[in-house]
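Note sheet for the following structure.
The values are calculated or read from the model by the stated rules, or taken from the named source; none is laboratory data. All of these numbers come straight from a predicted model, not from anything done at the bench. Neighbour counts are summed over all protein chains in view; Cβ atoms, including those assigned to glycine, are modelled from backbone coordinates with ideal geometry.
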Amino acid sequence: MPPPGGSLRILPAGATVPSLFAASLLTASLLLPWQGQWLCAAAVIIVLGVPHGALDVEIGRTLLRHRVGWVWFPLFATPYLMLVAAVLGAWRLAPEPILAAFLAVSVWHFGTEESEGAHELSVLALGGLPVALPVVVQPVATARVLSAISGVPLAEAPAWLLWPSLAWVPLAVLWACRTLMWGPRRALLLPLLQCVGFVALPPLTAFALYFVSVHAPSHTAALIRHPTRAPRVHNTVSAWRLSTPTTILTVLIGAALLPFGAGEPAVRLVGMTLQLLAALTLPHVLLEVWLTGHERTQALTTQPRPVPCAAR
């Protein structure tokens, strides 16, 4: 449904300001060497992208505070951080399998967020766009980013990633044709702009712009609309305000881990940023899955049962 007033919104609600800021900084960074571009992209992801996940703490507060009082925070944060630590440790033990798992989960997570629970084809088409398209159109440049994340030397995109990415292309075309025929056609506008970005911009720059202009605002807007998950998150301003303490804590954790990275400063910052992003994604996604299942179960159990007709 179009927004009230008949206007056509392309970006998610609340995305205008972060998108303009990110687009300005990332465009200016194209004048810099690749190291400068990477530093700017990492900064954009940290400052404008991480806060959407930090709102998980508000969900934990809603779930636990009325039951256990002030201990809700350690009760929520302890298992959350244990999962983060487990993923960070797994990066050291099996970097390439963890990279593959992270990308697969990202496709599903991006797709379910951007398609808002639509058909599975929409999930694959929209979720695969920021992962598969840069592999197809810029395999060597994308491999450099993947090397920074995993620490595995990659001269080009590995076969386990290249072939699924190529298989994504006909799925995306099929989704576009299906949308053209059965609509709504306006749903093609934002993916088309994303395609232009991933073709024209360096992969990391394009991903940073996507992450803070599309994915993070989509998640935040959905949380604002939700009636029960985080009642204190009622608009974009409250979302930024409430996410700030946890975002600062996340940045401090990343800063403490940064000296343990490898490579020159830009590579180390990007690698640690995206490794930590992957580590945060696991509890973030598991919480979303649990909430969705729990809410579905509650909806089924609270439905009124039909009253049997009295025998005549």
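Would you call Thr281 touching a His at 6+ places or on another chain (Cβ under 8 Å) and among the hydroxyl-bearing types (Ser, Thr, Tyr)? It would help to see each step written out before you state the result.
Details: touching a His at 6+ places or on another chain (Cβ under 8 Å): yes; among the hydroxyl-bearing types (Ser, Thr, Tyr): yes.
It is true that Thr281 is touching a His at 6+ places or on another chain (Cβ under 8 Å) and among the hydroxyl-bearing types (Ser, Thr, Tyr).
Looking for something surrounded by fewer than 16 Cβ atoms within 10 Å (Cβ to Cβ) and assigned to a helix (DSSP H, G or I) - is there at least one such residue anywhere in region 110-121? Yes - at least one qualifying residue is present in region 110-121. Looking across His234, His226, one residue alone is free of Cβ contacts under 8 Å to residues at least 40 places away in the same chain, surrounded by fewer than 21 Cβ atoms within 10 Å (Cβ to Cβ), touching a helix residue (DSSP H, G or I) at 6+ places or on another chain (Cβ under 7 Å) and not aromatic (Phe, Trp, Tyr). It is His234. Within the set of pairs 6+ apart or on separate chains, which have a first residue in region 25-48 that is under 15 Å from Leu201 (Cα atoms), a second that is basic (Lys, Arg) and part of a helix (DSSP H, G or I), and C-beta atoms under 9 Å apart? These pairs meet every condition: Trp34/Arg144.
Results for (1) farther than 27 Å from Val214 by Cα; (2) of a type outside the set (Val, Ile, Thr); (3) touching a residue at least 12 places away in the same chain (Cβ under 8 Å), shown as yes or no for each residue.
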position	(1), (2), (3)
Gly53	no, yes, yes
Leu64	yes, yes, yes
Gly69	yes, yes, no
Val84	no, no, yes
Ala90	yes, yes, no
Leu93	yes, yes, no
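Restricting region 182-205 to residues that are assigned to a helix (DSSP H, G or I) and of a type in the set (Gly, Ala, Ser), the residue that is farthest from Trp38 (Cα to Cα) is Ala187. Restricting Ala159, Ala176, Ala216, Ala206 to those that are surrounded by 12 or more Cβ atoms within 10 Å (Cβ to Cβ) and farther than 25 Å from Ser29 by Cβ reduces the list to Ala176. Pairs linking a residue in region 283-307 that is under 30 Å from Val87 (Cβ atoms) and assigned to a helix (DSSP H, G or I) to a residue that is aromatic (Phe, Trp, Tyr) and at pLDDT 85 or above, with Cβ atoms under 9 Å and 6 or more positions apart or on different chains, are Pro283/Tyr80; His284/Tyr80; Val285/Trp108; Leu287/Tyr80.
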